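Below is one structure, written out as structure tokens, with a few remarks after it.
Every read-out reported here was derived from the displayed coordinates using simple, explicitly stated rules and does not represent laboratory data. Quick caveat, the model's predicted, so the values are computed rather than measured. All Cβ positions, glycine included, derive from the backbone under ideal geometry; neighbour counts span all protein chains shown.
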Amino acid sequence: MLKKPSNYDEIEVNMDFIPIELGGHKGVIMNAEEYTSDVSGNTSLKISVDTAKDDKQPNYYSDLYKSDTREDKKWSNSAIKYVSLKEDENCVRMLKAFITSVENSNAGYTFDWKKEVSQLKGKSIGLVFGLEEYTAQDGKIKTIAKLNQFRSIDKVDNVKIPKVKLIDGSFVEYEDYNKNYTESDTTTSDDIIEIPDSELPF
């Protein structure tokens, strides 16, 4: 016999959950901070984003956060991207692409290297979401939509959906992957529970 959880009757579940659309979105930077990995010791910019108020799915991740009843709730990992601060050519290229995207998305703004990275908070930015595979608790390989790229905000309307990141770290075109894609393989990393608005973590 299945034991009924003590708070089962009080929990409200939103059965109308709509996942983030793959591809381009208008976005806003909710927080920017320097982050050093405990594992690798490498330092990155940790950029947390939300969809903009005028996006096709406005305030998507802030609404998701407000709807989470977990005591240890955090901003969705799907809306966080790390930009490496290592000085090899590829990492510097990615950092410059990010900074350029911010500058191009905010008229008259130039990143000030003498100021803290918190200057990025509240700035507009173009976002591109793609699929990534992961291994679920039941051992099955599933997919989740995650922030994949930054773009200038005026370039996101017709952006191509990025390649799908497979479980082995390789990539395949979305169109090719989608030929074998089934709805039952999708998931979200967040439980969608309806509660009154609460403060955002930033």
Sequence-distant lysines (8 or more away, or on other chains) whose Cα lies within less than 23 Å of LYS140: LYS163, LYS165, LYS179
Anyone know which of SER118, SER76, SER48 comes out most mobile in the 10 Å Cα GNM of the chain? SER118
Using alpha-carbon pairs under 8 Å, 6+ residues apart, how would you state the relative contact order of the range 23-185 in percent? 25
Could you name the lysines whose alpha carbon sits less than 23 Å from that of LYS3, not counting residues in the same chain fewer than 8 places away? none
From the Cα centre of the range 43-62 to that of the range 133-154, the distance in Å is 15
Which of the lysines could a cross-linker span from LYS115 if the Cα-Cα distance has to be under 20 Å and same-chain partners fewer than 8 positions apart are dropped? LYS46, LYS86, LYS96, LYS123
Using Cβ contacts closer than 10 Å as the measure, can you line up ILE99, ILE47 from fewest to most? ILE99, ILE47
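In the neighborhood of LYS56, defined by Cβ-to-Cβ distances under 10 Å, what is the net charge if each Lys or Arg adds +1 and each Asp or Glu adds -1? Present the calculation step by step, with values, prior to reporting the outcome.
Details: positive: LYS26; negative: GLU21, ASP54, ASP55, ASP157.
Result for the local shell: -3.
As an exercise, use a Förster radius of 45 Å and the Cβ-Cβ distance of GLU89 and TYR134 to find the FRET efficiency, rounded to the nearest 0.05.
With a Förster radius of 45 Å, E is 0.95.
Counting other beta carbons within 10 Å of each residue's own, what order do LYS160, LYS114 fall into, fewest first?
Details: LYS160 12, LYS114 5.
Arranged by neighbour count, lowest to highest, LYS160, LYS114 become LYS114, LYS160.
All other residues with a Cβ under 13 Å from the Cβ of GLY169 taken together, and with Lys, Arg as +1 and Asp, Glu as -1, what is their net charge?
Values: positive: LYS163, LYS165; negative: GLU132, GLU133, ASP168.
Combined, the nearby Lys, Arg, Asp and Glu give -1.
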At 10 °C in a medium of viscosity 1.306 mPa s, the chain has a Stokes-Einstein diffusion coefficient, with Rh taken as the Kirkwood radius over alpha carbon pairs, in µm² per second, of 85
